Amino acid sequence: MNEAQLLGPRAYGQALGTAVLKATAEDFQVDEVLDIPLSGEGEHLWIWVEKRGLNTEEAARRIAKAAGVPLRTVSYAGLKDRQALTRQWFSVQLPGKADPDLSAAQNDTLKILKTGRHKRKLQRGAHSANGFTLRLTRFAGDKTAIEERLQVIARQGIPNYFGAQRFGHDGGNLVDARDWAARKALPEQRNVRSRLLSTARSFLFNQVLAARVADGTWQRAQVGDLLAFTDSRSFFPAGEAECSDPRLAILDLHPTGPQWGEGDSPATGAVHDLEQQIAAREADLRDWLINAGMSHERRILRLPIGGLTWHYPEPDILQLEFVLPAGCFATVLVRELVDLVPVGQTDSPCVF
């Protein structure tokens, strides 16, 4: 499947040029934002790690091996890209033990930047945001139009699609999810099961968001919508008064879309009807998620871009710096600007 099928239409029109992303790890930098002050004592050692060309699970295995502990005692807040330079926290449970020598975990792909003790382990999803520095190299496009679009994006945000990488190479994860859903079965391996269920939910969400981008309602609250604040998982119904809430205009409050699971969508009216129609088109995936015991959750349709800045360190390099809430995709912002091409090419689109 191509990118347009997995995500949906762009919000601001066609791409304004082409560029390469991830020619080197330094071109895609991610810093986890974790607002948890360490107590300085406790049985959990927290570790601030810089990794290059290494995924989060492999980093956790290396830390566990160096510390001489089972992998299950190593925790992290979220998964980070392999093809990137990322900095994130890990924690290791060490009851009654001194800090271990972790030097064996380090090499050119993993560096430990600092450590500290805390009374609790690091929980999944504990980080509030991720800070990004992206370098779009071999940029070719209309810089004036890019400037104008970035200014609009800074004011209005972008559709909060799940990025194409959620669906695997050429949408392979979605193909697998459809196969399991058609058989009304679940993979036995927990990590595979989790990945494919997440893929199915993400695809259904993207289909709803795509419909609302197409009809222009992704930024606007409608009666029957469910609204949520940027950093909150709770939501509330929109009536006439809520549809004119000034917090919508300042990108603090947003309409939401479904992350499918048990129970009917709590949306009402036309919003409910749209969500049901899209879910009915993908009945196998919908029923598979429900039967797997997934809970119905909501995700904001509009993604505000925090602290967005940009400049050209070289004539053919566009550098972007910004902050996104946890669980959101930096490549979705890039998609609103340019088509990506593979490293070594300049004439054919590529999805990262």
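The values are calculated or read from the model by the stated rules, or taken from the named source; none is laboratory data. Predicted model only: the values in this text are computed from it and were never measured. Cβ: placed from backbone, ideal geometry, glycine included. Neighbour counts: every protein chain shown. Note: areas computed on protein heavy atoms with side chains; ligands, DNA, RNA excluded. Shrake-Rupley method; radii C 1.70, N 1.55, O 1.52, S 1.80 Å.
Tabulated results
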read-out	value
Test for E57: is it among the charged types (D, E, K, R) and either in contact with an Asp or Glu (Cβ under 7 Å, 6 or more places away or on another chain) or without any contact (Cβ under 8 Å) to a residue 24 or more places away in the chain (or both)	yes
Residue check for R195: of a type outside the set (V, I, T), without any contact (Cβ under 8 Å) to a residue 60 or more places away in the chain and in contact with a Gly (Cβ under 9 Å, 6 or more places away or on another chain)	yes
Total residues in region 222-250, condition under 23 Å from the mean Cα position of the chain (by Cα) and open to solvent by less than 20 Å² (accessible area, probe 1.4 Å)	5
Any strands (runs of 3 or more DSSP E) falling wholly within region 240-352 and containing at least 3 residues that are out of contact with any Leu (no Cβ under 7 Å at 6 or more places or on another chain) and free of Cβ contacts under 8 Å to residues at least 60 places away in the same chain	306-314
Filter pass, V351 being farther than 18 Å from T256 by Cβ and at pLDDT 95 or above	no
In region 105-125, the residues that are assigned to a loop (DSSP other than H, G, I, E, B) and either among the polar types (S, T, N, Q) or under 21 Å from F322 (Cβ atoms) (or both)	Q106, T109, Q123, G125
Residues that are open to solvent by 20 Å² or more (accessible area, probe 1.4 Å), in a loop (DSSP other than H, G, I, E, B) and farther than 19 Å from L21 by Cβ, drawn from region 78-103	P95, G96, K97, A98, D99, P100, D101
Qualifying helices (runs of 4 or more DSSP H) (wholly inside region 133-222; at least 3 residues being closer than 25 Å to V343 by Cβ and outside the structural domain of Q276 (by the TED database))	143-156
Unmet requirement for R62, which otherwise passes all of (1) touching a helix residue (DSSP H, G or I) at 6+ places or on another chain (Cβ under 8 Å); (2) surrounded by fewer than 15 Cβ atoms within 10 Å (Cβ to Cβ)	(2)
First in region 169-180 and closer than 18 Å to R281 by Cβ, second anywhere and not hydrophobic (A, V, I, L, M, F, W, C), Cβ under 6 Å, 6 or more apart	L174/T199; A177/T199
